[in-house]
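Quick notes on the structure that follows.
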Amino acid sequence: MHASPATPPRMTPDPAAAPSWVRDFKLATPPPGFIDDPYPAYAALRHHDPVHELAPGSYFLTRYDDVLAVYRNPTVSSDKKREFAPKLGDSPLFEHHTTSLVFSDPPLHTRVRRILMGALNQRAIARMEVGLLTLVDGLLDRLADEAAPDLIEHFAALIPVEVIGNLLAVPHADRAPLRDWSLAILSALEPAPGAEILARGNAAVTDFLAYLRGLLADRRQHPGDPESDVLTRLLMGDAEGQLTDVELMHNCIFLLNAGHETTTNLIGNGLHALLRHRAQLERLVADPTLIGSAVEELLRYESPLQLNNRLTTAPMTIGGRELPAGSFVTLGIGAANRDSAEFADPDVLDIARKPNNHLAFGQGPHACSGMNVARLEGRIAIGRLLARYPRLDSRGAPQRDMRVRFRGLRHLPVRLG
Ligand code: HEM
C-alpha cells in the first residue's frame, strides 16, 4: 500500500448515506459527463459504495484491493455463457465470445493460453522491434505530409493491426477490413448494446470466420515458422492435442481484437494525456530514458480497458460485503488505478512514478498475454513521435469514443510543430 499522507483512514461506508446519483449509478446509463471524465464518479463510488449493486446480483467494484482480490480468487469464473445467452442469443457473437480464451475457464482456457504464451515469448517480442521501428518511422514521415494530422487515424490506429497481422502472418493485402471487424465485435460487449450494434457485430464475426477458413486452409498447406507465426503454432497444438477449427478461428479473432483497439488506445490516450500535461511531455522529451515508466503511468492514468467481468461460483466476502455464489462482478480497472489507497496522488500524472502496480493488464490467470507486445508498441510509438516532433501540440478538440468499457479517442487532431 502506498497511501498518501493526506488519505483519510478507509472506513466501511454506508451506501444509504451516499448521494442519490451514486446510489442510482448504472454503467449502462452513466451520469452526464461520465464518458469524458469518469474519475469523479469512480471516486464517489470508492468512497460511498465500493461494492455497488448495479442490479440484483450484479456488483461494480471500484477499490484496488477488492478488484485485485477477485482477479486472484481461484473460485471465480470467466465463463460468460450465462451472462451472454440472454443478451446475444444463439448467434455468431455468442459462439465467438464464449469460445475465446478470455471468456473461458479451464480446460479450454489453459490449453489455448499455453499455446499462445509459447508464441508471445520474449525472444519473439524482441524480433518484432526492428519491423516496428521501420513501421513507426514510415508513419511519422507520412504524418508530415498530412494537411490535418490526426494522431488516431494517421498514427495510433495503424500500428497494432500491422503487429497482430504479422503475428498471424495475415497477408498485407487482406488487412484492410480487420479494424472495422474488430470494432464491431468488441462494441457488442458494451453494457447495453442496441440491435444495430449487435447486427454489425454478428455480421463481422461471420465475415471474419469466412476469411479465416481460407487463411487456415492455406496455412495447413504452407505452414509458417512456429517460432514466429502464431497461427501455425495454434494449428500444430501441443502435447495435449490440437484445437478444433472453431476454437482455433475464434481465438485468432480474439487475438486480433485483444491486441488492436486496446493498443491503439494506449498510444492515443497516452499522447492525449501528455498534451494535457505539458510539463510531463517536456520532461519526457528532455529525458527519453523515462519512456518505460511513462508508458506504465499512461496505462494507469487512462487505462484503455476500463472494465472486466467475473462470476462468483462460491460465496465471497468483498469489501466487507458477502456476495453469494452466482453473482456477476464488474471489475473497475480504471477506478482501481486511481485509488489513493494504492497510488499516492492518483489523479496526478507522474511519468516517473514508482512503484506503479497498475491493473491495466488485469491480474491472475487471465492477465493479458500480450502485455509485453503492447508495452513495446507504446514505447516505440510514443518515444519516436516525441523524438521527431518535440513541439507537438493540440489542434482543436479531440473526439471521444463514446463507450464505457474501452476508453479511447476516435480523433486527436494535432499540429506537429
Ligand atoms: C495496451 C494494450 C492492452 C491492454 C490494456 C490489454 C488489457 C487486457 C486485460 C485487462 C486482459 C484481462 C482480461 C480478463 O482478465 O478478463 C487482457 C487479456 C488478454 N490480452 Fe490484452 N491488452 C492489451 C494488449 C494486448 C495485445 C497486444 C495482445 C496480443 C498480442 C493481447 C492479448 C490478450 C489475450 C490473449 C488475453 C486473454 C488472456 C487470458 O484470458 O488468459 N492484449 N488484456
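The values are calculated or read from the model by the stated rules, or taken from the named source; none is laboratory data. Bear in mind the structure is a predicted one, so any value in this text is a computation, not a measurement. Quick reminder, even Gly has a Cβ in these numbers, built from the backbone with ideal geometry, and neighbours come from all protein chains shown. These accessible areas exclude ligands, DNA and RNA; they are computed on the full protein's heavy atoms, side chains included. Shrake-Rupley method; radii C 1.70, N 1.55, O 1.52, S 1.80 Å.
Numbers for the structure displayed
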quantity	calculated
If the convex hull is drawn through the Cα atoms of region 181-222, its volume per residue in Å³	50
Hypothetical label at Ala17: residues of region 47-67 whose amide nitrogen lies under 13 Å (7 Å Cα-Cβ projection)	47-49
Where only C-alpha atoms are counted, convex hull volume of region 1-145 per residue in Å³	257
Alpha-carbon Debye profile of region 191-287, log10 I(q)/I(0) at 0.11, 0.16, 0.17 Å⁻¹	-0.56, -0.83, -0.87
For region 108-188, size of Cβ-based charge dipole, Lys and Arg +1, Asp and Glu -1, in debye	800
Accessible area in square angstrom per residue, the chain, 1.4 angstrom probe	42
Cβ charges +1 (Lys, Arg) and -1 (Asp, Glu), total dipole of the chain, debye	340
Shape metrics for region 208-362, restricted to C-alpha atoms - Rg then Dmax, Å	20.8, 57
Mean Kyte hydropathy of 0.5 or more with a Cα span along the axis of at least 20 Å, helices from DSSP in the chain	122-143
Segments 89-100, 297-308, 384-395 sorted - mean Cβ within 10 Å per residue, highest first	297-308, 89-100, 384-395
Listed residues Arg82, Arg403 arranged by accessible area, highest first, probe 1.4 Å	Arg82, Arg403
Debye equation applied to the C-alpha atoms of the chain, log10 I(q)/I(0) at 0.09 Å⁻¹	-0.56
Fraction of accessible area attributable to carbon and sulfur, the chain (%, probe 1.4 Å)	57
Helix-only [θ]222 nm of the chain, DSSP H runs n ≥ 4, -39500 (n - 2.57) each, per residue, nearest 500	-15000 deg cm²/dmol
Cα→Cβ-extended label distance, 7 Å offset, between Ser394 and Asp36, nm	1.1
Quotient of C-alpha Rg and 2.2 N^0.38 Å, computed over region 262-333	1.61
